[in-house]
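**Q** Just passing along the structure, written as structure tokens.
The values are calculated or read from the model by the stated rules, or taken from the named source; none is laboratory data. Since the model is a prediction, treat every value here as computed from it, not as a measurement. Cβ sites come from the backbone with ideal geometry, for glycine too, and all protein chains shown count toward neighbours. Heavy atoms of the whole protein, side chains included, go into the accessibility calculation; ligands, DNA and RNA do not. Shrake-Rupley method; radii C 1.70, N 1.55, O 1.52, S 1.80 Å.
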Amino acid sequence: MARVMAVDPGEVRIGLAISDESGTVARPLAVLRHVSRQRDAEAIARRAELEGAGCIVVGVALDTEGQPGPQARRALRLVEALRACTSLPVETWDESGSTRAVARPGRPDPMLDARAAAVILQEYLDAHRPA
């Protein structure tokens, strides 16, 4: 299995995480500052290629009924921009609650978004692990 990169898209910051070569363990990678959808997609695609990723997984926050809200629709537009600028497969994964799962109240964390991307990626990897 090739490495997998995960993206936690936000309005200000974009978290990135990468798996190990076996596709078993996710780790936070980097936090990018949001510029524009196109420039963000190009930066993510470049980083995925640099890291040797074979797939990009983008977190999409779904509501309690599994429907996309405004944040999810923005993430889906990023998915389309990514698909236009890379030949890597780009998949989506429900990222609801990923940032809350890693947030530490009262403590600034410059890697918060990357750690949230690692949560998304670990869930994705666990769900796709061969039986």
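**Q** On a full-extension model of 0.36 nm per residue, what is the gain between Gln67 and Arg107, subtracting their alpha-carbon distance, rounded to one decimal in nm?
**A** 11.2 nm
**Q** Suppose every K and R has +1 on its Cβ and every D and E has -1 on its Cβ; what is the size of the dipole of the chain about the Cα centre, in Debye to the nearest 20?
**A** The dipole of the chain has a size of about 400 debye.
**Q** Using a 1.4 angstrom probe, figure out how much accessible area segment 12-82 has per residue, in square angstrom, rounded to the nearest whole.
**A** 52
**Q** Along each of its three principal axes, how wide is the spread of alpha-carbon positions in segment 1-64, in whole angstrom units, largest first?
**A** Extents along the principal axes, in whole Å: 32, 31, 16.
**Q** With all protein chains present, how much of the accessible area of segment 9-114 (probe radius 1.4 Å) comes from carbon and sulfur, to the nearest whole percent?
**A** Reported share for carbon and sulfur atoms: 51 percent.
**Q** Grab the other residues whose beta carbon is less than 9 angstrom from that of Glu123, score K and R as +1, D and E as -1, and report the net.
**A** Combined, the nearby Lys, Arg, Asp and Glu give -3.
**Q** Next up: I need the shape label for the chain. Rule: rounded when a/c is under 1.5, else prolate if a/b > b/c, else oblate, with a, b, c from the alpha carbon gyration tensor.
**A** rounded
**Q** Hey, what did the chain get for relative contact order, percent, Cα under 8 Å, at least 6 apart?
**A** Relative contact order comes out at 33 percent.
**Q** Comparing Gly54, Gly106, Gly15, which has the greatest mean-square fluctuation in the GNM of the chain with Cα pairs linked when under 10 Å apart?
**A** Gly106
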